[in-house]
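Written below as structure tokens is the structure these notes are about.
Every read-out reported here was derived from the displayed coordinates using simple, explicitly stated rules and does not represent laboratory data. Note that the coordinates shown come from a computational prediction; the quantities given were computed from them, not determined experimentally. Don't worry about glycine lacking a Cβ; one is built from the backbone with ideal geometry, like all the others, and counts go over all protein chains shown.
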Amino acid sequence: MYPNFDAVKKALLKENHISSEDNLAAENATDDNQSYLNYLIGHDLLTKKLLGEVLAKTYELPYADLAERPVTQENIDAMPEAIARSNRIVVLKSNATTVIVATDTAQELHAKKKKIQELLGVEQVGFAYTLPEYIDTSFKLYEKPLETRFSQIINSGRQIAPASWTK
């Protein structure tokens, strides 16, 4: 999720990544935050990578460009889906003592850190910021093929359709 949108604009203007004129043009041409960013990107005034780097800097975190280096299935399998989705995190790297995760929500990092340490049994947790769309794309790796889901339903022996449908 993108942070407070005024903070995004302020950071872009403060670092001179966009001009006041570009900011005003984008504000006048758009109705919401997402279309504001799309305007800037679409008019080659901003790149997603630069946006990610600016936001990471505001959170004082390194930037993980998951468009350049997407997470792998192995990374996804390292974190239970429910925890990953509820905390908006994906594993970037891990070993027996350390895990590094990317998040698009830098709020409550201390609580996330404790949860990850307990769940994965690691001593250290590192964080990086990534854009929300990259987190969402990574979460698609949790989805199982339709054939697998049908097999699970059949093997469970549960009736999933109303009885009136099976007559």
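Summary of computed values
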read-out: Top-ranked residue of the range 81-91 - restricted to ones that are touching a helix residue (DSSP H, G or I) at 6+ places or on another chain (Cβ under 8 Å) and not β-branched (Val, Ile, Thr), ranked as surrounded by the fewest Cβ atoms within 10 Å (Cβ to Cβ); value: 81
read-out: Residues of the range 122-141 classified as among the β-branched types (Val, Ile, Thr) and either touching a Phe, Trp or Tyr at 6+ places or on another chain (Cβ under 9 Å) or exposed (fewer than 15 other Cβ atoms within 10 Å of the Cβ) (or both), total; value: 1
read-out: Condition check for residue 48: over 16 Å from the mean Cα position of the chain (by Cα) and surrounded by fewer than 17 Cβ atoms within 10 Å (Cβ to Cβ); value: no
read-out: All positions within the range 92-121 that are buried (at least 17 other Cβ atoms within 10 Å of the Cβ) and either of a type in the set (Ser, Thr, Tyr) or within 11 Å of the chain's Cα centre (by Cα) (or both); value: 94, 101, 102, 103, 104, 105, 106
read-out: Test: residue in the range 14-34 that is in contact (Cβ under 8 Å) with a residue 12 or more places away in the chain and among the charged types (D, E, K, R); value: yes
read-out: Among the residues listed as 78, 67, the single one being in contact (Cβ under 8 Å) with a residue 24 or more places away in the chain, farther than 19 Å from residue 117 by Cα, surrounded by fewer than 20 Cβ atoms within 10 Å (Cβ to Cβ) and among the small types (Gly, Ala, Ser); value: 67
